[in-house]
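K.L.:
Okay, here's the structure, questions in a sec.
Each reported figure results from applying straightforward, stated rules to the coordinates on display, with no laboratory input. Everything numeric here is computed off the predicted structure, so don't read it as measured data. Don't worry about glycine lacking a Cβ; one is built from the backbone with ideal geometry, like all the others, and counts go over all protein chains shown.
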Amino acid sequence: MNAAVKQRAPAALWVLVLGMLFYRMAFVLAHDYSLFVDEAQYWLWSRTPDFGYYSKPPLIAWLIAITTKLLGDTEFAVKLPALLAYPLAAVFIYKAGAALRDARTGLVSAALFLTMPGQALGGWVMSPDSVLLLTWAAALYCLWKAVQTPDTLRYWIGLGVAIGVGALAKYTMLVFVPMAAWVLIRSHRDTLRSRGPWIALALALLILSPNLAWNVAHQFETVKHTAELSNKSGAGLHLGKFGGFLGAQWGIFGLVSFPLLLWRIYAGRSAEERFLKPFTVPYLAIMFGLALVTSANANWAVTAYVGGSLLVSCWLAALPKRQVLALALTLNVLLMLGILHYRDVAKWLGKPVPNQGRDVYARVIGWRELGAAVSQRVQSDGALPILSNDRTLLAQMAFYVKPSPYPVDALDDDGHINNQYEMTTRERGLPKDAYWMVFNAGQNGDEPIRSGTEIASYAPLHTAGYSPVEDLGVIRVRRMDGPPRSVHMIRVTRTAETVTP
């Protein structure tokens, strides 16, 4: 690599990183989308900081608590940690690529990572994956620098911090430990006799220890939930789900990038590629195996694409001609823009997309308006807590009904804790008086309408000791060109819990 490229690469990186950051910020501010249900749930967690929650470790809630404290309880403030995390992850990927090969490799890696189509949604949605990818990239960089200079403790300390902090965002980060051990045992065994790796491991466990103590105190609820997720479809061969997962990974990483990654997994032989493969191959293999025999969500494999971006770039950046790289990045950007703006384009063409069915944005349209309508109803009727057996309703109403956070409680209708709301309600007890709230005609307004009598006669509601006091009727909110989102509210009061034989 010539000196001019080396000199221009850092400036090009910051143009890429800041450009993507400001573009995504503008996208969030320009579109009137409500929070996704998980974002609203994490926000409510952030109101009561703790060392753990039902389905996730605590870091995601801590970060939201900070940004909403600074900027207020807005959608933008909730999403800000994710908006920052992805560009910062690209910076560490650049540094890793530059350390592995050269600045060009680092720049290509960062570009592939930031433009991969999966970030069309992930890049502006607050989720544990955003922080996980940042800490995974930082850990990968620190590990490479540590094995090159094993007596320099700062990289081992950085590795331990990255693993510990990442595990506080999502337990998937702990998978990095056996992968790193594989690298050390195979190619850097002498480092295991130094103090560096053990300091890193001890530091990671120290950072994670408050969450481990929380899990012990709560019967390992988070761990059990994580295990249940991987077996939600039951054992057996699921060829259809496997094919869907494969197609999703192709779309997430890129139409050109994903086939190239599979090829470089097979063909890569350099020392740098051999270092990267343990952080890509085993994880992809495990996720594809889960997709085949039980179930795997499409986003579960995203950490493989940190190392995957570097693995592909070790080959792409070395090519004398740039046609393959240009094609990969062009298709990534076009697909990303298509996912982000297909509704805008359809509206501009005079053929708006209905807010229903498989349209991903249907899930984030209408919640603000529904919250405003419910706010008027409850403020004129005593502002009782909202009681529901639907996690989506509880999350969205807590955020959008005023005053916020509006009190919500979960009715556990199967005797098994399924979410944080049920855990919290079990700890503090059910309210005496509440508004029983359920979707009428389904969340998207495309199911049969139920009567108030049918909704009020829900058996678990009566088993919990509740009786209807007043049917407050249906609240409907139009969602532009889609069917209305409707909820039915019934004021209920609790006398004594019914004991069933």
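K.L.:
Give the shape of the stretch 50-172 as rounded, prolate or oblate, defined through the alpha-carbon gyration tensor: a ≥ b ≥ c are the square roots of its eigenvalues, a/c under 1.5 means rounded, and otherwise the shape is prolate if a/b is larger than b/c and oblate if not.
P.N.:
Since a/c reaches 1.5 but b/c is at least a/b, the shape of the stretch 50-172 is classed as oblate.
K.L.:
Shifting gears a bit: What is the distance, in nm, between label points placed 7 Å from the Cα along the Cα-to-Cβ direction at THR48 and at ARG186?
P.N.:
The answer from the label model is 4.6 nm.
K.L.:
Still on this structure: Per residue of the chain, what 222 nm ellipticity follows from adding -39500 (n - 2.57) for every DSSP H run with n ≥ 4, rounded to the nearest 500?
P.N.:
Result for the chain, helices only: -19500 deg cm²/dmol.
K.L.:
Quick check on the stretch 362-494: take the gyration tensor over C-alpha atoms, sort the square-rooted eigenvalues as a ≥ b ≥ c, and tell me if it's rounded (a/c under 1.5), prolate or oblate.
P.N.:
The shape class here is rounded.
K.L.:
What FRET efficiency, computed as 1/(1 + (r/R0)^6) with R0 = 22 Å and r the Cβ-Cβ distance, is obtained for TYR266 and LEU327, rounded to the nearest 0.05?
P.N.:
Efficiency for this residue pair is about 0.60.
K.L.:
Here is a follow-up. Pairs of alpha-carbon atoms within less than 8 angstrom and 6+ residues apart define the contacts here; what relative contact order does the stretch 362-494 have, in percent? List each step's numbers first, then the result.
P.N.:
Working: 222 pairs, mean separation 33.9, N = 133.
Once normalised by length, the contact order is 25 percent.
K.L.:
Moving on. Return MET126, MET20, MET423 ranked ascending by Cβ neighbour count within 10 Å, so the fewest neighbours appear first.
P.N.:
Fewest-to-most ranking of MET126, MET20, MET423: MET423, MET20, MET126.
K.L.:
Still on this structure, please answer the following. Using the Cα atoms of the stretch 376-416, I'd like the radius of gyration and the largest Cα-Cα distance, Dmax, both in angstrom.
P.N.:
For the stretch 376-416, the Cα-based Rg and Dmax read 10.9, 35 Å.
K.L.:
If packing is taken as the average count of other Cβ atoms within 10 Å, what order do 210-220, 408-418 fall into, highest mean first?
P.N.:
Highest mean packing first, the order is 408-418, 210-220.
K.L.:
Which of the lysines could a cross-linker span from LYS432 if the Cα-Cα distance has to be under 28 Å and same-chain partners fewer than 8 positions apart are dropped?
P.N.:
Cα-Cα hits under 28 Å: LYS402.
K.L.:
At a Förster distance of 22 Å, what's the computed FRET efficiency of LEU212 paired with ASP414, Cβ-Cβ distance as r, to 0.05?
P.N.:
E between LEU212 and ASP414, to the nearest 0.05, is 0.20.
K.L.:
Which order do peptides 6-13, 365-372, 102-109 fall in by mean Cβ count within 10 Å, highest first? Each step should come with its number before you reach the end.
P.N.:
Values: 6-13: 14.9, 365-372: 20.4, 102-109: 24.5.
In descending order of packing, they fall as 102-109, 365-372, 6-13.
K.L.:
Here's something else I'd like to know. Cross-link list LYS69/LYS347; LYS145/LYS170; LYS69/LYS351: which exceed 30 angstrom alpha carbon to alpha carbon?
P.N.:
Numbers: LYS69/LYS347 36 Å; LYS145/LYS170 24 Å; LYS69/LYS351 40 Å.
Going by Cα-Cα distance, LYS69/LYS347; LYS69/LYS351 fall outside the 30 Å limit.
K.L.:
On average, how much area does the Cα convex hull of the stretch 348-404 cover when viewed from any direction, in nm²?
P.N.:
For the Cα atoms of the stretch 348-404, the hull's average projected area reads 5.3 nm².
K.L.:
Here's a follow-up. Send over the semi-axes of the chain's equivalent ellipsoid, whole angstrom and largest first, taken as the square roots of 5 times the C-alpha gyration tensor eigenvalues. Please list the in-between numbers first.
P.N.:
Values: eigenvalues 386, 141, 80 Å².
Output for the chain: semi-axes of 44, 27, 20 Å.
K.L.:
Hey, another quick one. In whole angstrom, note down how far apart the Cα centers of the stretch 122-145 and the stretch 374-399 are.
P.N.:
About 35 Å separates the Cα centre of the stretch 122-145 from the one of the stretch 374-399.
K.L.:
Below 8 Å between Cα atoms, with a sequence gap of 6+, how large is the relative contact order for the stretch 3-332 in percent?
P.N.:
Contact order relative to length: 20 percent.
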